[in-house]
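Chemist: One structure is given below, represented as C-alpha cells, and several questions about it will come after.
The values are calculated or read from the model by the stated rules, or taken from the named source; none is laboratory data. All values derive from a computational prediction rather than experimental measurement. Note that each Cβ is placed from the backbone with ideal geometry, even for glycine, and that neighbours are counted across all protein chains shown.
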Amino acid sequence: MTTYKVTFEPGPVVVQADPARFPYGSHGRGGSLLDIALAHGVPINHACGGAGACSTCHVIVQEGAQNLSPPSDEELDMVDHAPSHTPDSRLACLAVVKGDVRVRIPAWNRNLVAEE
C-alpha cells in the first residue's frame, strides 16, 4: 500500500495520506492539499468552499511540486490575487497530491475556527 507524506508548515504537521481513501471530505478536489489538511485537523481558510473561486487557500510549495497535479491557467490567475504569492504558490483546493510534498501555510490564511 502506497501512502504519501504530506507535510504542512508551520508545525510541522506530517500526514500519511492514503490515495485509496481519497476523497477524505468534500472540500476541494479529492486528494487535494485542502482535502487532506482538513481531514487531518490542519486549518486552512477556504472561503469559496474549495471551488477554486478565491485565493484564500493559498499555500507555498517548499518541496515536491512535481508530486502535485499541474496547475491550470485559471488556478494560476487566481493565485495572482493571493497576498504574498510566489512562483511556488498553489491553491490547496486544486493541487491534488501524487507523492510526497511539503507546503507552508502563510500566517494570514490559517483558519483557527472549525468550519463544519
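Chemist: From the list 67, 45, pick out the single residue that is crowded, with 17+ Cβ neighbours inside 10 Å, at pLDDT below 95 and of a type in the set (S, T, N, Q).
Modeler: Of 67, 45, the one residue that is crowded, with 17+ Cβ neighbours inside 10 Å, at pLDDT below 95 and of a type in the set (S, T, N, Q) is 45.
Chemist: In region 78-116, what residues are of a type in the set (D, E, K, R), at pLDDT 95 or above and under 11 Å from residue 55 (Cα atoms)?
Modeler: Matches in region 78-116: 90 only.
Chemist: What is the residue count in region 23-34 for residues that are more than 13 Å from residue 58 (Cα to Cα) and touching a residue at least 24 places away in the same chain (Cβ under 8 Å)? Talk me through it step by step, then tell me what you get.
Modeler: Let us first name the residues in region 23-34 that are more than 13 Å from residue 58 (Cα to Cα), namely 23-27, 29-31.
Checking which are touching a residue at least 24 places away in the same chain (Cβ under 8 Å) leaves us with 26-27, 29-31.
Residues meeting the conditions: 5.
Chemist: Would you check which residues across region 77-91 are part of a loop (DSSP other than H, G, I, E, B), touching a residue at least 24 places away in the same chain (Cβ under 8 Å) and under 10 Å from residue 61 (Cβ atoms) and list them?
Modeler: 86, 88
Chemist: Could I ask something else about it? One residue is enough: does region 4-23 have a residue meeting the conditions assigned to a loop (DSSP other than H, G, I, E, B), of a type in the set (S, T, N, Q) and surrounded by fewer than 21 Cβ atoms within 10 Å (Cβ to Cβ)?
Modeler: no
Chemist: While we're here: Taking the conditions exactly as written (in a loop (DSSP other than H, G, I, E, B), surrounded by 21 or more Cβ atoms within 10 Å (Cβ to Cβ), touching a Ser or Thr at 6+ places or on another chain (Cβ under 7 Å) and not β-branched (Val, Ile, Thr)), does residue 27 satisfy them or not? Give the derivation first.
Modeler: Working: in a loop (DSSP other than H, G, I, E, B): yes; surrounded by 21 or more Cβ atoms within 10 Å (Cβ to Cβ): yes; touching a Ser or Thr at 6+ places or on another chain (Cβ under 7 Å): no; not β-branched (Val, Ile, Thr): yes.
So residue 27 fails the test.
Chemist: Looking only at region 30-53, count every residue that is in contact with a Pro (Cβ under 9 Å, 6 or more places away or on another chain) and in a loop (DSSP other than H, G, I, E, B) and tell me the total. Break it down into steps so the answer makes sense when it comes.
Modeler: Residues of region 30-53 that are in contact with a Pro (Cβ under 9 Å, 6 or more places away or on another chain), as a first pass: 30-32, 35, 37, 39.
Imposing the further condition that a residue be in a loop (DSSP other than H, G, I, E, B) reduces the set to 30-31.
Residues in region 30-53 being in contact with a Pro (Cβ under 9 Å, 6 or more places away or on another chain) and in a loop (DSSP other than H, G, I, E, B): 2 in total.
Chemist: Could I ask something else about it? Looking only at residues that are among the polar types (S, T, N, Q) and out of contact with any Lys or Arg (no Cβ under 8 Å at 6 or more places or on another chain) in region 47-78, which one is farthest from residue 93 (Cα to Cα)?
Modeler: Per the criteria, the residue is 66.
Chemist: Within region 48-60, which residues are surrounded by fewer than 21 Cβ atoms within 10 Å (Cβ to Cβ) and under 13 Å from residue 8 (Cβ atoms)?
Modeler: If the condition is that a residue be surrounded by fewer than 21 Cβ atoms within 10 Å (Cβ to Cβ) and under 13 Å from residue 8 (Cβ atoms), then 60 is the only one that fits.
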